[in-house]
Amino acid sequence: MTAQRATLLRAENKARDIRGGMMVRQSFVLRSSLAIICGVLMSFGTLAADPVLPLADKEIHMGVASCAGSTCHGAVKSWPGSPILQNEFMTWQSKDKHAKAYDVLLSKRSKKIAANLGLPDAHTAGICLDCHADNVPKNRRHRTFQMSDGVSCEACHGGAGRWIGTHIAAMASHKNNIANGLYSTSKPVERARLCLSCHFGDQMRFVSHRIMGAGHPRMSFELDTFTALQPAHFKVDADYRKRKGNWNGVQVWAIGQAMALKTMLDALLDPKLGRDGVFPELVLFNCLSCHRSLNEQRWQPRTTVGLGPGIPRLQDANLLMLQVITKHIDPQLSKQLIQSGLALHKASRAGQDKLIKEATDLRSIVEQLIKRFSSHKFGRADMLALLKGTVKYGLDNQYTDYSGAEQATMALSTITAAMGNVGALNKDQQAALRKALDACYKAVESDDNYSSKQFVAALQGVSRLIP
């Protein structure tokens, strides 16, 4: 996490507001590391049980021009009395980094990355366009479609060929829109799957270690925080809740953590994603277990890993968060989760067959958690317990790795905001906790200079303010 990015996250943490009974997104956005990223196009389909992602749908993609009319989604400001804001296109175009994702490919850095990968350029390469634009095949592009629109409406909401007309009909419904090809982003599981397909990778596109080795920024993702950082182009009111449901930030965070770990395990189990020749796919491992100065002693033992020094550790920041959540929600399943995570770490030294078995077992537990979190409402008592649990895990020295501290910081921000949202913290308590969280953000400003001692000290300050 760069100093610039950490500063923006702190600003977002302070600026979370209440509107329509939920946290809404401010205009604060992440910089380069939140720009939508390159991925590798793979020739795999999606699981039958999952909705088809927009990149793989069979619909015609019309391009943003089809949404930009002033009586559709291109109004300069929201329309009073309308069930939708109707200025969604203007918000995306003027405030959303996704609109500039294609332009990123024209930068000097992108040109250097492309050259390092042996590509003619970044703005025509499929492995870059798959995430920096709506890179559907040519036979699914309408004459109004423009690749230069970047990560446009249909890159997230699906090709509009069938639903563009029916979604404005008098008898239109969200259910019918989905039946006609709209990809729903309101449900946390489906939103997480969509976001992670670029912010980590999947069977169609994958952010490999080779891409990062060529110069791409390190990847990180947390569903609720990244949702909150997006400029809002919808309003959660009674009509929205009736059509699409109601999810608080802590529930979104919990589901996002489980989906992120599931996505990592899916890649680990995929023979075409989990290995790069004779090497394992190193993007699945903790970056700083290798990328550090050999002259500085930074290794520390962790009870949930069980590996000695000098051994690359699987990326387990999401697993840590799930251990915190599950310890409160389901203590028995928490024990299984911890044991399974420990077994997976140890299996990384035991051979491919053992690794596959342990990854499959852990994936089964994670799928249980996704269902459990989706049905659990995460009330005030849950939020307080998770706030305390996230801090305690750090005080117990479980955030020795930078990525764990980064996820914990975003978690504390999410939980604090959600507690304020439901009245579990008064304004003074919330302001004090946000101020204390500044020290956490300071501690994770730089992955190169991360100090677990500094982060623990910051957590002690947070701990003293928890009611």
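Bridgeable lysines around residue 453 (alpha carbons under 16 Å apart, same-chain partners fewer than 8 residues away excluded): 392, 442. Only helices enter the 222 nm calculation for the chain: every DSSP H run of n ≥ 4 contributes -39,500 (n - 2.57), and dividing by all residues gives -15000 deg cm²/dmol, rounded to 500.
For region 344-420, the relative contact order works out to 25 percent when only alpha carbon pairs closer than 8 Å and six or more residues apart are counted. For the chain, the per residue solvent-accessible surface stands at 45 Å², with DNA, RNA and ligands left out and a 1.4 Å probe. Listed by chain and number, the aspartates and glutamates whose C-alpha is less than 19 Å from the C-alpha of residue 357, apart from same-chain residues fewer than 8 away, are 266, 270, 281, 316, 367. Accessible area ranking (1.4 Å probe, heavy atoms, ligands and nucleic acids excluded), largest first, for 456, 136: 456, 136. Computed from Cα atoms alone, the Kirkwood hydrodynamic radius reported for region 339-387 is 12.5 Å.
Within straight-line reach of residue 187, meaning a Cα separation under 18 Å, sit the following lysines at least 8 residues removed in sequence or on another chain: 175, 235, 242, 244, 262, 371, 377. Near residue 275, the amide H atoms lying under 5 Å from its own belong to 281; only residues 5 or more places off or on other chains count, and H is placed 1.01 Å from N.
Expressed as a whole percentage, what fraction of the accessible surface of the chain belongs to carbon and sulfur atoms when a 1.4 Å probe is rolled over the protein heavy atoms? Answer for the chain: carbon and sulfur cover 56 percent of the accessible area.
The values are calculated or read from the model by the stated rules, or taken from the named source; none is laboratory data. Please read all numbers here as calculations on a predicted model, not as lab measurements. Note: accessible area is taken over every heavy atom of the protein model, side chains too, but ligands, DNA and RNA are not part of it. Shrake-Rupley method; radii C 1.70, N 1.55, O 1.52, S 1.80 Å.
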